[in-house]
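Just below is one structure, and these are the notes that go with it.
Each reported figure results from applying straightforward, stated rules to the coordinates on display, with no laboratory input. Small disclaimer: the values here were computed from a predicted structure and weren't measured. Please note: Cβ atoms are built from the backbone with ideal geometry, for glycine as well, and neighbour counts cover all protein chains shown.
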Amino acid sequence: MPSVGEKKRRALHFSSSWVPIVYYLIPEDVGKAAFLAAAAVILTLDVLRLHVPRVRDVFYRVFGEMVRQHESSTLLGSTTMVISGLLAVNCFEKNVAVAALLFLTVGDSMAGLIGTKYGRTRVFGKTVEGSLACFTSCLFIVLLLQLLSRWMVVPGIPFFAGMAGAAVATLVELLPIPLDDNFRIPLSAGFMMQILMPH
């Protein structure tokens, strides 16, 4: 059973889906500038947390229950998420970056939620049920972007490219790769979709 702090962390992870949604709706150059500014501020604050005792004390007083043990000496998951977002919006087409970041916020969250609650079949410390939830959620995102593209200027994701990206996101979420999920899910899935996009 996840702790209260872990539940809050997961809720924050899922709720950060508003970031790629807003990026989808606003001009691309404005979105990239916002990601750069956010990454600079959040990275600075996180470095201060790691090295300035007074900042660390205030931070743990407010957010302590949400911090995982290994993050006491490394960057927070929220910081790596913003950095991966900055990389995604600058490396991929806008629609690909949006899909890849939603694969992280929604797909990864659904994997944790369903895997924890209903998971029975374990593989690499994760559950098959959680992986199926991740894949299904990512496919739903692809279909949703296709639907929205009918009314938006930004194009959707071709189904084959989106399905391949969803499969990669699911696979790298499942495998015990020694790299934070916040990096490996959006960047690997985004790369797969980008190379399959029509040009």
query = Can you find a residue in the stretch 51-58 that is touching a helix residue (DSSP H, G or I) at 6+ places or on another chain (Cβ under 8 Å) and closer than 24 Å to A189 by Cβ?
reply = no
remark   = Output for Cβ contacts, cut-off 7 Å, separation at least six or different chains, first residue free of Cβ contacts under 8 Å to residues at least 40 places away in the same chain and closer than 15 Å to S78 by Cα in the stretch 34-63, second outside any helix (DSSP H, G or I) and not β-branched (V, I, T), reads D46/L75; D46/L76
key: Candidates V30, V55, V19 - the one that is farther than 19 Å from N182 by Cα, surrounded by 15 or more Cβ atoms within 10 Å (Cβ to Cβ) and among the aliphatic types (A, V, I, L, M)   = V55
query = Would it be correct to say that L187 is within 28 Å of H199 (Cβ to Cβ), among the hydrophobic types (A, V, I, L, M, F, W, C) and touching a residue at least 60 places away in the same chain (Cβ under 8 Å)?
reply = yes
request  = For the stretch 126-153, enumerate the residues that are part of a loop (DSSP other than H, G, I, E, B) and either free of Cβ contacts under 8 Å to residues at least 60 places away in the same chain or crowded, with 21+ Cβ neighbours inside 10 Å (or both).
outcome  = S149, R150, W151, V153
note = If we take the stretch 27-107, then helices (runs of 4 or more DSSP H) inside it with 3 or more residues that are within 28 Å of A169 (Cα to Cα) are 28-51, 77-91, 94-102
